Amino acid sequence: MLRHDAGLYPPGVEPRDWGPDDVDERHQDPHASADLQGDVAKIFRAITKFEAIIRKRVVAFFLSGAGVITNSELMTPLRVAIVGFGTVGRSVARILIHGVSGLRLTRVFNRNVNRKRVDWVPASVSWTETIDDVFSPDVDVVVELVGGTDPAFGWMRRALSKGKSVVTANKQVMARHGLELFELARANGAQLGFEASVAGGIPVIRGIQEGLGGDELIRVQGVLNGTCNYILSEMASSVVSFETVLADAQARGYAEADPAVDLDGFDAQAKLAILSAVGLRRRVEPTTIPCRSIRGLVTADFDAARELGRAIRQVSVAERVKNGSGVRAAVGPAMVRLDSRLAQVAGSENVVVVDGVRGGQTAFVGQGAGGDPTAVAVVSDLLAIASGNSRMITHAFPVVGSDHRVVEMGAQPHYLRAAGGDEAERRLTEFGVVGAQRLDAVDNELLMVTDPCTTEAIEKSMNKLTNDEAVRVLAALPLVD
């Protein structure tokens, strides 16, 4: 029963327990009708029932140790539809059907859905290959896991327009159309979760938005593609060709049959655009971020990296331009110090490192791909929406102002491998690319570290040497500190 606080009573009046059957003359109005008194009694009974629920939840809170409270008495679970029952979709379904408070899987959409059916999904879940079913009134949240921009973008727009929240792992849609989707979500009172779109199971979006919200981030960099990191790690540890390691990665499921999006930097490019918006609060058009491929690297490049005390990684970096509104950004292979956080991730791991004005450097490390890690990120967004804590997610993406201009990274030392030996060095010097350190060369190739220069300057030199069969730049990697 409810109990009045003794401090609320005047001297001489004792506090006591009371309820609907204990409404005495102190609580009754002698002029009130019997109906009114009956209504008062009903209110007291409702309060008593609510008190019992609250008391039960408080006890559950303290007994749980972790502070996890079941909310079944007061909250209807969010009804979830999964769009795309691939590797990640199956992992999300497994988590949901094994019981997550506040969430219930109700529908699965996939083209040719019969080939996707599995017997471990409960019979209560509806399978469909009609996309209209996903937008029916009995679905609260749409989980988009089909990938690509079309038709995924249109389906996400449709869901948000109907006031349905959306959770996605789609980096391309978020990088290219994030502004429109967030405006649509806010206009219709919906939520948009996208934690899984960057770095798989690493909670970097929420970590930046909530954990580092009090800081001003000026730089974000990372190893954002597990396929590239696996290939580069394998080439560094064994004397094998790029083509051999790529074939092995494809056989293990680490690389797609057409790996161009990963190898040539477009996957990381989209992720970096999202991180620039969330971390630096500066939106950029992803296609304006320069991308350079990891193709063409050979054993000699990894030997040179070891000689320099470095490792080769596909590095994505974006930083705010001082005293300006632009963003310096690039994606491509680079040599990083062996003691750096970027060098310490191996295999398919990802790492995101952010630099703040006040908090210094913070790193997020973990599995950047795979069904289960990505599903964890998806379900975490669903739980945030179910608990009402998703406002931070939806407001993570800046919607005010125009896109910022991407500018070149600035001068850095570079590692160069060029055909032509001494003649190559002489020609490069003519173009303003000056050597600072010669390394051991093989087969009349020039291996050297340059004085600080821009990658763009080296590329201009490469273009000028295009028609010279004797002198060619074969690899150019910035040295990142």
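Tabulated data
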quantity	calculated
Enumeration of residues in the range 189-219 that are of a type in the set (Val, Ile, Thr) and farther than 24 Å from ALA375 by Cα	ILE218
Pick from the range 87-103, criterion closer than 12 Å to VAL143 by Cα and in contact with a Ser or Thr (Cβ under 9 Å, 6 or more places away or on another chain), ranking: surrounded by the fewest Cβ atoms within 10 Å (Cβ to Cβ)	VAL88
THR450 being farther than 20 Å from THR299 by Cβ, hydroxyl-bearing (Ser, Thr, Tyr) and buried (at least 20 other Cβ atoms within 10 Å of the Cβ)	yes
Some residue of the range 314-330 being under 20 Å from PRO413 (Cα atoms) and at pLDDT below 95	yes
Single residue of ARG313, ARG358, ARG337 found to be buried (at least 21 other Cβ atoms within 10 Å of the Cβ) and touching a residue at least 40 places away in the same chain (Cβ under 8 Å)	ARG313
Identity of the residue in the range 135-163, in contact with a Ser or Thr (Cβ under 8 Å, 6 or more places away or on another chain) and farther than 28 Å from PHE266 by Cβ, that ends up surrounded by the fewest Cβ atoms within 10 Å (Cβ to Cβ)	ASP138
Sole residue being in contact with a helix residue (DSSP H, G or I) (Cβ under 8 Å, 6 or more places away or on another chain) and assigned to a strand (DSSP E or B), chosen from LEU416, LEU428, LEU479, LEU474	LEU416
Extreme residue, modelled with the lowest pLDDT, among residues of the range 461-471 that are of a type in the set (S, T, N, Q) and assigned to a helix (DSSP H, G or I)	ASN463
Test: residue in the range 359-375 that is among the β-branched types (Val, Ile, Thr), part of a helix (DSSP H, G or I) and at pLDDT below 95	yes
Residue tally, condition within 14 Å of VAL80 (Cα to Cα) and touching a Ser or Thr at 6+ places or on another chain (Cβ under 9 Å), over the range 105-134	10
Unmet criterion (only one of (1) closer than 22 Å to ALA190 by Cα; (2) hydrophobic (A, V, I, L, M, F, W, C); (3) in contact with a strand residue (DSSP E or B) (Cβ under 7 Å, 6 or more places away or on another chain)) for PHE153	(3)
Failed condition for VAL167, given (1) touching an Asp or Glu at 6+ places or on another chain (Cβ under 8 Å); (2) surrounded by fewer than 23 Cβ atoms within 10 Å (Cβ to Cβ)	(2)
Strands (runs of 3 or more DSSP E) completely within the range 78-143 that count 3 or more residues being closer than 21 Å to ALA384 by Cα, within 28 Å of the chain's Cα centre (by Cα) and touching a residue at least 60 places away in the same chain (Cβ under 8 Å)	78-83
Members of the range 458-476 found to be closer than 15 Å to GLN412 by Cα and either among the β-branched types (Val, Ile, Thr) or surrounded by fewer than 19 Cβ atoms within 10 Å (Cβ to Cβ) (or both), listed by number	ILE458, GLU459
Residues being of a type in the set (S, T, N, Q) and part of a loop (DSSP other than H, G, I, E, B) - total across the range 144-197	4
Any pair with Cβ under 8 angstrom, 6 or more apart, that starts in the range 209-234 at a residue that is free of Cβ contacts under 8 Å to residues at least 60 places away in the same chain and ends at one that is assigned to a loop (DSSP other than H, G, I, E, B)	GLU234/VAL240
Boolean, ALA330 is assigned by TED's automatic domain parsing to the domain that holds ASP264, small (Gly, Ala, Ser), in contact (Cβ under 8 Å) with a residue 60 or more places away in the chain and in contact with a Pro (Cβ under 7 Å, 6 or more places away or on another chain)	yes
Residue match in the range 453-460 (condition: at pLDDT below 90 and either at positive phi or not in a helix (DSSP H, G or I) (or both))	no
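The values are calculated or read from the model by the stated rules, or taken from the named source; none is laboratory data. This one's a predicted model, so the numbers in the text were calculated from it and none came from an experiment. Here Cβ is always computed from backbone atoms with ideal geometry, including for glycine, and neighbour counts include all displayed protein chains.
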